[in-house]
1. For the range 171-319, what's the relative contact order in percent, using C-alpha pairs closer than 8 Å and at least 6 residues apart?
2. K107 to A39: FRET efficiency via 1/(1 + (r/R0)^6), r the Cβ-Cβ distance, R0 30 Å, to the nearest 0.05?
3. How big is the range 111-215 by the Kirkwood estimate over distinct Cα pairs, in Å?
4. Please report the antiparallel percentage of the DSSP beta bridges confined to the range 14-317, to the nearest 5.
5. How would you order 169-180, 7-18 from highest to lowest mean count of nearby Cβ atoms within 10 Å?
6. Which translational diffusion coefficient, to the nearest whole µm²/s, is obtained for the range 26-134 from the Stokes-Einstein equation, given a Kirkwood hydrodynamic radius over C-alpha pairs, 10 °C and 1.306 mPa s?
7. Find, among the trypsin sites (Lys or Arg not before Pro) in the range 54-124, those assigned to loop by DSSP (not H, G, I, E, B) with at most 11 other beta-carbon atoms within 10 angstrom.
8. Determine one quarter of the surface area of the Cα convex hull of the range 66-113, which equals its mean projected area, and express it in nm² to one decimal.
Amino acid sequence: MSISATGLPSLNGLPTAVKIVEVGPRDGLQNEALPIDTATKIDFITKLAEAGLPEVEASSFVSPKAIPQLGDAVAVFQQLPQRLGTVFSALVPNSKGLERAIQAGVKRIAVFTAASESFTKRNINMSIQDSLDTFAPVVKDAHAAGMSVRGYVSTAFVCPYEGKIAKEKVREVTENLLAMGVDEVSLGDTIGAATPKDVVETVGYVLQTVPKDKIALHFHDTYGTALANVLTGLQLGIAKFDSSAGGLGGCPYAPGASGNLATEDLVYMLNGMGIQTGVDLNKVADASLVIEKQLGKTLPSKQLQRIKASRAARASAAP
Ligand code: COA
Ligand code: ZN
């Protein structure tokens, strides 16, 4: 927070527009044990695109043994709506995944590693260095195939196995990914344990050598700090945030990780702050309701539950 000329606290100087990367169909669904059929996923993703989300991470080309829920990635990509101007992306862990993504006509992929050795080993069965060695040819071949590539650094703040992560490691892995040619790196608070102090320390340190527009932030809301962390990111000049419709999500390799930051809650806060996203809050809720119904449980987004309650009140008040 800066201090204005009047001496009062001011939020001036924050980014005026933010890009939201919707990760619900991937980060959200990968954590749900109940299988969701491909047609429901397509309905969910189409509604997210209709809500104006500029980028939707639609699935993962990982081993179906590791993540059975996303085993239909090829079928999902073959049926995505193409007319809405949304970019659809997918996770790719290795060259086998890239082959499948090329086959499915994917235009944007994300490679993913972490800043913690233990987490990387459990998540993708590689050391951090092995993961970088695996990605280098994947990124090169993806570019040759006309794709763009994002990078993820999971457990960038706190690791479920190793505790607090050194900011130096986060910067090193981020720089390695950028040197490989990824166009941005999303720093993930995979278990949702970070506080604004962690964000200032780690992201502030990364930004000493990495341009702001190369960084996105990916918060989970396990401990209820995700929006506070977003505000801190905004104050550091970051203008790209990942979120998940309804707050769907978690991580199967991060015990106790609850939902991602909910897209609805993020959009509400940014709208209220006059920061443009191009995203329609009510339409995101329509998308979330498709999945909430299928899963048969209440999703954690506060805005989604508020919207549902106000729709129900209006319906019961109608003659
Ligand atoms: N797509 C489909 N199948 C794949 C694959 C891919 N991208 N990569 C590997 N496989 C298959 C292999 O063909 C092999 O199959 P087989 O047992 O029938 O021969 C099996 O998976 C094991 O392959 P291997 O190369 O030995 O990998 P591994 O067992 O060391 O697993 C990963 C490594 C990266 C493939 C696996 O850990 C994975 O997919 N992890 C993803 C985790 C994830 O998505 N986490 C959430 C994101 S935060
Ligand atoms: Zn996540």
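Just so it is clear, none of the values below were taken in a lab; they were calculated from the coordinates. Just so we're clear, the structure is a prediction, and the values are computed from it rather than from any experiment. Here the Cβ is made from the backbone with ideal geometry for all residues, glycine too, and neighbour counts use every protein chain on show.
1. Working: 211 pairs, mean separation 29.4, N = 149.
It rounds to 20 percent for the range 171-319.
2. On the way: r = 22 Å, r/R0 = 0.75.
Efficiency, rounded to the nearest 0.05: 0.85.
3. Working: mean 1/r = 0.0729 Å⁻¹.
This gives a value of 13.7 Å.
4. Details: 3 of 37 bridges.
For the range 14-317, the DSSP antiparallel bridge percentage is about 10.
5. Working: 169-180: 19.9, 7-18: 12.8.
In descending order of packing, they fall as 169-180, 7-18.
6. Working: Rh = 14.5 Å.
Taking Rh from Cα pairs, D becomes 110 µm²/s.
7. Working: sites: K65, R83, K96, R100, K107, R108, K121, R122; in loops: K65, R83, K107.
Answer in residue order: K65, R83.
8. Working: hull surface 14.6 nm².
That works out to 3.7 nm².
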